[in-house]
Amino acid sequence: MWKNIRIVLLLLVLAAVAIQTWRDRIATQSWQESLWVGVFPLNGDGTPSAQSYIEALSAKDFAPIEAFFAREAHRYGVTVAEPVHIELYPPAKELPPALERDVGPLGIAWWSLKLRWYAMHASRVPGHAPARIRLFVLYHDPSTLSVAPDSHGLQKGLVGVVHVFADPGMNGSNNIVIAHELLHTVGATDKYDLATGAPLFPGGYGDRSRIPLFPQAQAEIMAGRRVLSPHEFEMPRSLRDVVAGPETAQEIGWTH
Ligand SMILES: [Zn+2]
């Protein structure tokens, strides 16, 4: 008897999560109105330099992301004036749960549940409208590490954990990373070789029909790198040199 009740309860919870995920997908892929995206900055390494950096952040630091989404969405026929609105929230107090390496699928599932729980609480800010998509952006002093930890954008739960650098000279590349993870939350997939980082042809190329093919003038956002030659690629300086390719546009509902 009790066993059956427990199973029924579990099935109800799973059904509720599935329905919510489906509703989130409809809402975030319709592009009929502005998608409200919250950026929650965090001091990623506890350094005073990262702290003063996040305290100096303002909405205009993220305006290039809004401009990128508007330019690219309009190119694919989306008509809403501001497809993505970025709202800067006050710094969150607690760091999101970290994903340990090599935890396996069950470990990842457990981490994503903890992350959704964290996002629900950390994104509640009195006096601020709730964000549809929550991006927790962890800033690191570049002198403390050369490569930022892996970032994650989850479509299930509409939440992202993004690692970037607390350096004004890297604002442009930070915004590329943030836009990339934001696109994951609305359904875009990676377009690079996970082992080497090389953009995949054709989806990861800014312009697949360019003659000659190399060097590419622009990067595709879900590849994140501009291809210079068959074995060379580099991170562009800003979103001005980045486009969303047709595969990405279709995955997120800009085209059908
Ligand atoms: Zn990615």
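The values are calculated or read from the model by the stated rules, or taken from the named source; none is laboratory data. Because the structure is predicted, anything quoted here is derived from the model rather than measured. Note that we place each Cβ from the backbone using ideal geometry, even for glycine, and neighbour counts take in every protein chain shown. Note: areas computed on protein heavy atoms with side chains; ligands, DNA, RNA excluded. Shrake-Rupley method; radii C 1.70, N 1.55, O 1.52, S 1.80 Å.
Between 0 and 90 degrees, the angle of helix 63-75 with respect to the longest Cα principal axis of the chain falls at about 80 degrees.
Note that the chain presents 54 Å² accessible area per residue, ligands and nucleic acids not counted, probe 1.4 Å. For Pro97, the shell of other residues with beta-carbons less than 15 Å away shows a net charge of +2, using +1 for Lys and Arg and -1 for Asp and Glu. Over all pairs of different C-alpha atoms, segment 18-151 has a mean inverse distance whose reciprocal, the Kirkwood radius, equals 16.8 Å. Each of Glu33 and Arg75 was given a label point 7 Å from its Cα along the Cα-to-Cβ line. The distance between the two points is 2.8 nm. Derived scalar couplings between HN and Hα for segment 142-147 equal x, 6, 8, 7, 8, 10 Hz in order, rounded to whole Hz, by the Karplus curve 6.51 cos²θ - 1.76 cosθ + 1.60 (θ = phi - 60°), x for Gly and Pro. Helices in the chain, meaning DSSP H runs of at least 4 residues, each add -39500 (n - 2.57). Divided by all residues, the mean residue ellipticity at 222 nm is -11500 deg cm²/dmol. Under the criterion of Cα pairs below 8 Å and six or more residues apart, the relative contact order for segment 42-109 equals 32 percent.
Taking only the Cα atoms of segment 209-248, the ratio Rg/Rh comes out at 0.94, with Rh defined as the Kirkwood radius.
For segment 130-256, just say rounded, prolate or oblate: build the C-alpha gyration tensor, square-root its eigenvalues into a ≥ b ≥ c, call rounded for a/c under 1.5, and beyond that prolate if a/b exceeds b/c, oblate if not. It comes out oblate by the Cα gyration axes. Against the longest alpha carbon principal axis of the chain, how many degrees, from 0 to 90 and to the nearest 10, is the axis of helix 104-122 turned? Tilt relative to the chain: about 80 degrees. For segment 60-139, what log10 I(q)/I(0) values come out of the Debye formula at q = 0.18, 0.19, 0.27 1/Å, with one point per alpha carbon and no solvent? Reported log10 I(q)/I(0), two decimals: -0.90, -0.94, -1.22.
Note on Asn4 and His128: the extension gain reaches 40.4 nm, defined as 0.36 nm multiplied by sequence separation minus the Cα-Cα distance.
Here's the picture: charge each Lys and Arg Cβ at +1 and each Asp and Glu Cβ at -1 in the chain, and of Val177, Phe165, Leu135 the one pushed furthest to the positive end of that dipole is Leu135. With the simple spin-label model, which puts each label point 7 Å out from Cα in the Cβ direction, the Asp150 to Leu194 separation comes to 0.7 nm. Placing one equal scatterer on every Cα of the chain and applying the Debye formula, the log10 ratio I(q)/I(0) at q = 0.07, 0.17 Å⁻¹ is -0.25, -1.42.
Asn174: net charge of surrounding residues, Cβ under 13 Å, Lys/Arg +1, Asp/Glu -1, itself excluded? Local charge sum for Asn174: -2.
Take every Cα pair under 8 Å whose residues are at least 6 apart in sequence, average their separation, divide by the length of segment 1-139, and the relative contact order is 36 percent. When a 1.4 Å probe is rolled over the protein heavy atoms, the share of accessible surface on the chain that falls to carbon and sulfur comes to 60 percent. Taking a straight Cα-Cα cut-off under 20 Å and skipping sequence neighbours fewer than 8 places away in the same chain, the aspartates and glutamates within cross-link reach of Lys191 are Glu72, Asp150, Glu181, Asp207, Glu220, Glu232, Glu234, Asp241, Glu247, Glu251. The shape of segment 124-167 comes out oblate: with a ≥ b ≥ c from the C-alpha gyration tensor, a/c is at least 1.5 while a/b does not beat b/c.
Give me the one-decimal nm value for the distance between modelled label points at Ala63 and Ala109, 7 Å along each residue's Cα-to-Cβ direction. According to this spin-label approximation, the distance is 4.6 nm.
Sequence-distant contacts, meaning Cα pairs under 8 Å at least 6 residues apart, place the relative contact order of the chain at 18 percent.
Checking the Cα-Cα distances for Lys93/Lys114; Lys60/Lys156; Lys60/Lys93; Lys93/Lys156 against a 26 Å cut-off, the pairs over it are Lys60/Lys156. May I ask for the angle, rounded to the nearest 10°, between helix 171-185 and the longest principal axis of the chain, with both axes built from Cα atoms and the value confined to 0 to 90°? Computed tilt is about 50 degrees.
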